[in-house]
Amino acid sequence: MNPEEEIWDQGLQSERTRLAWVRTAVALCTGGLGAAGLSLRVGLPVAAVVAFGVAALCGSVLLIRTKPRFRRVQEALHGGRPLAPGLDAFVAWLGTLSVVAGAFTFVFDAR
C-alpha cells in the first residue's frame, strides 16, 4: 500500500474522537439539567428528576475525564496499541439509559 492510500492523517483521529466525547458529555449534562428542572416545575415524580440528574452527573464526569481520555487515545494511536473502552463508555451508557428512564417517566406520567 502506498502512502497516499494509508488510513492515517497524522493524529486527527484523536481530535475528532475528543470532540465527539465532548459533544456527548455536553448534551448529557445540559439536557439532564434542563429536563430535571422541567420535571421539578411540572411536578413529575422524583424518579424522573433523579434519572435526569444522573444523566447530568454522567455528562459532568465525561467532561472532567476529557483530557486524560485524550492522552490515552493519543498514546494508543501513536504506539500502535488497541484502546479498551473502559469507564467512559460505561458512564456514557449509564447517562443515556438515565435519559431514557426519565423520558419514560415524563411521557407515561398519568396526569
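For the chain, the longest principal axis of the alpha carbon atoms and the long axis of helix 12-42 meet at an angle near 0°.
Relative to the compact globular guide of 2.2 N^0.38 Å, what is the alpha carbon radius of gyration of the chain, as a ratio?
Computed over Cα atoms of the chain, the ratio equals 1.38.
Arrange the following residues from fewest to most other Cβ atoms within 10 Å of their Cβ: VAL42, VAL54. Write out the running numbers ahead of the final one.
Working: VAL42 11, VAL54 20.
The fewest-first ordering by Cβ neighbours comes to VAL42, VAL54.
Using Cα springs under 10 Å in a Gaussian network model of the chain, which residue among GLY34, GLY79, GLY59 shows the largest mean-square fluctuation? Most flexible of the set in this elastic network: GLY79. Across the chain, the mean sequence separation of Cα contacts (distance under 8 Å, 6 or more residues apart), normalised by length, yields a relative contact order of 34 percent.
To the nearest Å, what is the center-to-center distance of region 22-56 and region 59-111, using C-alpha atoms only? Each part's Cα centre sits 16 Å from the other's.
For the chain, a simple Cβ point-charge model (Lys and Arg +1, Asp and Glu -1, everything else neutral) yields a dipole of about 520 debye relative to the Cα centre.
Here the simple spin-label model places points 7 Å from the Cα toward Cβ, and for PHE90 and GLN74 these points are separated by 2.6 nm.
Laboratory data are not the source of any read-out in this text; all were calculated from the coordinates shown. Fair warning: this is a prediction, and the values are worked out from it, not measured in the lab. Because the Cβ atoms are built from the backbone with ideal geometry, glycine has one as well, and the counts that use them run over all protein chains shown.
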